[in-house]
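Scroll down for the structure; my scribbles are underneath it.
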Amino acid sequence: MNLAGAKLDGWLDASGATFVGNVNLMAAKIDGHLEASDARFGADVWLIFAEVGPLLNLSRAKVDMLLDATGMTVAGELRLVGPLKWGDHARFVLRNARVGVLYDGEDAATGDDSHNPWPESGKLEINGFTYGRLGGGAGPTELRPRPVGWYVDWLARDTRYAPQPYQQLASVFRASGDTAAANAVLYAARERERTEAREEFKRSKTKAGLSWLGLELLKWTIGYGLGGRYFRALVPVGVLTFVGAVVLWTSGADTLRPAAGIEPSVSLGAAEANLDGDARPAVQDHAPPGPDVAAPQAEPKKREGFVWCLWASFDWTLPLIELDEAHTDTIAKLQGGPYYWLYIQALLGYVLAGFIGAGLAGLTQSRG
């Protein structure tokens, strides 16, 4: 059937039909419904740049070869109800296609959602595919609840990774108020990007190795900056704080401070009366004290506790903030290994703060 470039004011009903040869609807414009439910397509189907009105219904269709809908526009709903049957050589191409509503739900008659209507991995291309919302428009209006993993599996069936399909689905979830699902989809996108970067690095691509390392750091520090995964930042902060506290604690005399002592007092000897009758301290010589006079002792020193070391280490890890000047003074007096480690720790604190700032700015959630 060749209707390339055709313009139809009404419906095109091919439900239940069997097509042995190619079906060419390239650049066709159909103002009404295009019904192809239960149809059998034995050869290629071309819907490239076709324009369809309220509904394109492919429910329970059997596709043996290529179904190419590149650049197709459906003003209303693309309906994929019930298990579509995809042949061994079938491919479903939706590159840069646009539909108002995507409904890939259960069979309305049986309520069966056990058969996924999409082709298996490697037979689907959805880069650039956009849709306004999920759910029915011209027929059923709601999808049965699905776990986010179902959608992640659907996106992964396009084996050529691109961030756009993930961002598209996340935007639909976010528009519906499901922020948690949106973050889960974006997290899956970053995980897939990280995995692909690692595989490219294994093929001796240095640039991919740097990308992989950056994604690993983002994953384990701030969870790519998505939702509650920000709390992962507490783990490296806690590790740095503990290690720094151990360094301070084991640095010995460097963490000692004078104990609270008594200010030295002026010893008054026998008062001498001057001519005016005023008393003044007796002048004492510097002779060594006698056997019955105790020699002055150095004030004892007190070792700082481990809790103090933890607090000081945490203070030192925080960039641009000083909670207690005494912490800085103590660490500045360190020497050798402890001194170098604490300054490396401060540098790592700045790096971690940079990751957190990038996440808050949204720079870690997508690559553009």
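Quick look at the values:
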quantity	calculated
Residue match in the range 70-82 (condition: among the aliphatic types (A, V, I, L, M) and touching a Phe, Trp or Tyr at 6+ places or on another chain (Cβ under 6 Å))	no
Restricting the range 156-179 to residues that are closer than 20 Å to Glu200 by Cβ and hydrophobic (A, V, I, L, M, F, W, C), the residue that is surrounded by the fewest Cβ atoms within 10 Å (Cβ to Cβ)	Ala156
Entirely in the range 15-124, the strands (runs of 3 or more DSSP E) that have 2 or more residues that are under 19 Å from Ala4 (Cα atoms) and without any contact (Cβ under 8 Å) to a residue 24 or more places away in the chain	none
Any pair with Cβ under 6 angstrom, 6 or more apart, that starts in the range 236-257 at a residue that is under 21 Å from Gly354 (Cα atoms) and in a helix (DSSP H, G or I) and ends at one that is at pLDDT 85 or above and hydroxyl-bearing (Ser, Thr, Tyr)	Leu240/Thr317; Thr241/Ser313; Thr241/Thr317; Gly244/Ser313
Residue check for Pro140: of a type outside the set (Asp, Glu), buried (at least 18 other Cβ atoms within 10 Å of the Cβ), closer than 18 Å to Ser37 by Cβ and modelled with pLDDT under 95	no
Residue check, Tyr187 modelled with pLDDT of 80 or more, part of a helix (DSSP H, G or I), crowded, with 19+ Cβ neighbours inside 10 Å and not β-branched (Val, Ile, Thr)	yes
Residue within the range 341-358 that is at pLDDT below 85 and either more than 33 Å from the chain's Cα centre (by Cα) or in a loop (DSSP other than H, G, I, E, B) (or both) present	no
Ala36 being surrounded by fewer than 23 Cβ atoms within 10 Å (Cβ to Cβ), over 23 Å from Pro165 (Cβ atoms) and not acidic (Asp, Glu)	no
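Each row is one residue, and each column tells you yes or no for (1) modelled with pLDDT of 95 or more; (2) of a type outside the set (Phe, Trp, Tyr); (3) more than 38 Å from the chain's Cα centre (by Cα).
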| residue | (1), (2), (3) |
| --- | --- |
| Phe19 | yes, no, yes |
| Ala27 | yes, yes, yes |
| Ile30 | yes, yes, yes |
| Glu35 | yes, yes, yes |
| Phe41 | yes, no, yes |
| Val45 | yes, yes, yes |
| Arg60 | no, yes, no |
| Val63 | yes, yes, no |
| Leu67 | yes, yes, no |
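The values are calculated or read from the model by the stated rules, or taken from the named source; none is laboratory data. Here the structure is a predicted model, which is why all the values come from computation and not from measurement. Don't worry about glycine lacking a Cβ; one is built from the backbone with ideal geometry, like all the others, and counts go over all protein chains shown.
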